[in-house]
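The values are calculated or read from the model by the stated rules, or taken from the named source; none is laboratory data. Values in this document were obtained by computation on a predicted structure and should not be read as measured data. Quick reminder, even Gly has a Cβ in these numbers, built from the backbone with ideal geometry, and neighbours come from all protein chains shown. Protein only, heavy atoms only, side chains kept; ligands, DNA and RNA dropped before computing areas. Shrake-Rupley method; radii C 1.70, N 1.55, O 1.52, S 1.80 Å.
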Amino acid sequence: MCGVFGVYSRNDYVAEEIYLGLAALQHRGQESAGIAWIDEDRRINVLKGMGLLHEALDQSLLSKLTARAAIGHVRYSTAGGSHEQNAQPIGANYAQGPVAIAHNGNLTNFKELREVLENRGAIFQSTGDTEAILHVLAHQPNRRPLEALRRALIGVSAAYSIVVLIEDGLVAARDPWGFRPLSLGRRGDNYYVASESCAFNLLGVSFVRDIEPGEILLINERGLSSYKMPLTPGCGRLCSFEFVYLARPDSVIEGISVYMARREMGRRLAKSTRGECFFSGSTSGDADFVAPMPDSGTTAALGYAEESRLPYEAAVVRNRYVGRTFIQPTQRVRELGVRIKLNPSPDLFRDRSAILVDDSIVRGTTAGLVVSMIRECRTRSVHLRISSPPVRYPCFYGIDTPSKGDLTAASHTVGEIAESIGVDSLCYLSLEDMVESIGLPGDRLCTACFDGDYLREREGEESRNACERIFD
Ligand code: SF4
């Protein structure tokens, strides 16, 4: 998962706004951050570094830059390792001028594309998939950048939401299935593009609309020009996990408030009988209160407490000065991170029965460690409620669940998971309730990590041929 941000202005210098926009998107990636802009000599400039935004970039330096269009990126690696050479944006000066790109998602035919490009002489600097798009542009030296980009995007397979800087302006594009969100905003004559609309609030930018699936939007001194890719999939694949966990609750995606969707998931979880459950004997009927796993379970826990008419207690305290465990790269750091980050309040748990609400169980590490800390408070019983279905399948579209081995629900029953986490009961929200809580038709959502219903795309030879046709 990554966050992208772009600004185009006729009058203002915008580099510092990129910094502020990325600050609002920090939850989408904490490994590296960067910014790219085109200077008065028509050269591309890139500044990037490892770590959180304030470690990677110097805000005071950006405030002095005279850039009227710029793009930025915060990264969590899903393709390619966590190295500085994979940090984004990636920029280059080629036959048609300067270009830089920042990407959220995963190109599912990257292997074939890289092979085709290397056979044409391309030398890759990074191991990430984003660089391939730049090489595709460079290998079409006689086409204008926008046309070269359009051909590149038709040849690559999902999933991408990208911002691209070319001499003629700022380009934003979303793959034809719309896996990853991308929003357009405006303040006066300035246009903004962001992975999530929450990035606009900080800057006083008004949300205009979502970039459409399959849309390529050019923003330049002539205003906005929208182009449609000639691919019509007939269904959408917006990531349902954005509503469950990834997006910030103050974001609006395709007209749906993430906060409202999450609260509805909690409500339905409290009353539904459709989800998968395990009870060891003690039921949640004796529960004294509902507590969220902060912050991922907070909004769903509010809905759960509302529906079940139980008190809501912030009984697990989060240390705000360490990052999200799910998006830290190694297992060892992740486990240590849980203990540093989350602590139950002993007085609230002692001799009481608690319903603990979280958004999902991926590896089970966080839930297991928190429940064992709760047990140390001499609690009567702990009932875990999950506001999404079991995650049984890996994601190939830009989220870090690359193998089934990482997913506890892929190889364990609900009872086995409950036992290994150490809870008295465990219930998941059903797929139907999750989709209905989001409120978009099921055929507009990707639910592959829950039900294994992957997009059937070009594979192997067919994909290689599609890549080669880019250059015809
Ligand atoms: S597989 Fe899951 S995480 Fe990946 S895009 Fe689909 S719903 Fe989102």
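Worth a mention:
- Theoretical FRET efficiency, 1/(1+(r/R0)^6), r = Cβ-Cβ of Asp189 and Ile340, R0 41 Å, to 0.05: 0.35
- Isolated Cys in the chain, by beta carbon distance under 4.7 Å: Cys2, Cys198, Cys235, Cys239, Cys377, Cys395, Cys446, Cys449, Cys467
- Accessible surface, segment 177-251, averaged per residue in Å² (probe 1.4 Å): 35
- Of all aspartates and glutamates in the structure, the ones whose alpha carbon falls short of 17 Å from that of Lys404, not counting any fewer than 8 places away in one chain, are Glu416, Asp451, Asp453.
- Per residue, in Å², the accessible surface of segment 262-440 once ligands and nucleic acids are set aside, probe 1.4 Å: 41
- Rounded percent of accessible protein surface that carbon and sulfur make up, the chain, 1.4 Å probe: 48
- Here's the list of lysines a cross-link from Lys64 could span, going by alpha-carbon distance under 29 Å and ignoring same-chain residues fewer than 8 apart: Lys48.
- For segment 262-440, taking Cα atoms only, Rg and Dmax work out to 15.2, 44 Å respectively.
- Magnitude of the charge dipole for segment 133-182, about its Cα centre and with charges confined to Cβ atoms of Lys, Arg (+1) and Asp, Glu (-1), is about 120 debye.
- Taking the C-alpha atoms only, the angle from helix 15-24 to the longest principal axis of the chain is near 20 degrees.
- Where labels lie 7 Å past Cα in the beta-carbon direction, separation of Leu20 and Lys111 in nm: 4.5
- Intensity falloff of segment 337-407 expressed as log10 I(q)/I(0), Debye formula with alpha-carbon point scatterers, at q = 0.29 Å⁻¹: -1.31
- MRE, 222 nm, helices only [DSSP H, n ≥ 4, -39500 (n - 2.57), over the chain, to nearest 500]: -8000 deg cm²/dmol
- Full extension of the chain between Leu231 and Phe124 gives 35.7 nm of extra length, using 0.36 nm per residue less the Cα-Cα distance.
- Angle between the chain longest axis and helix 331-341 axis [Cα atoms, degrees, rounded to 10]: 60
- Cβ charges +1 (Lys, Arg) and -1 (Asp, Glu), total dipole of segment 367-472, debye: 500
- The chain, Rg to Rh (Cα coordinates; Rh as Kirkwood inverse mean 1/r): 0.99
- To the nearest ten degrees, helix 298-308 and the longest principal axis of the Cα atoms of the chain are 40 degrees apart.
- Options Gly364, Ala247, Pro311, ranked by Cα towards positive dipole end of the chain, top entry (Cβ charges): Pro311
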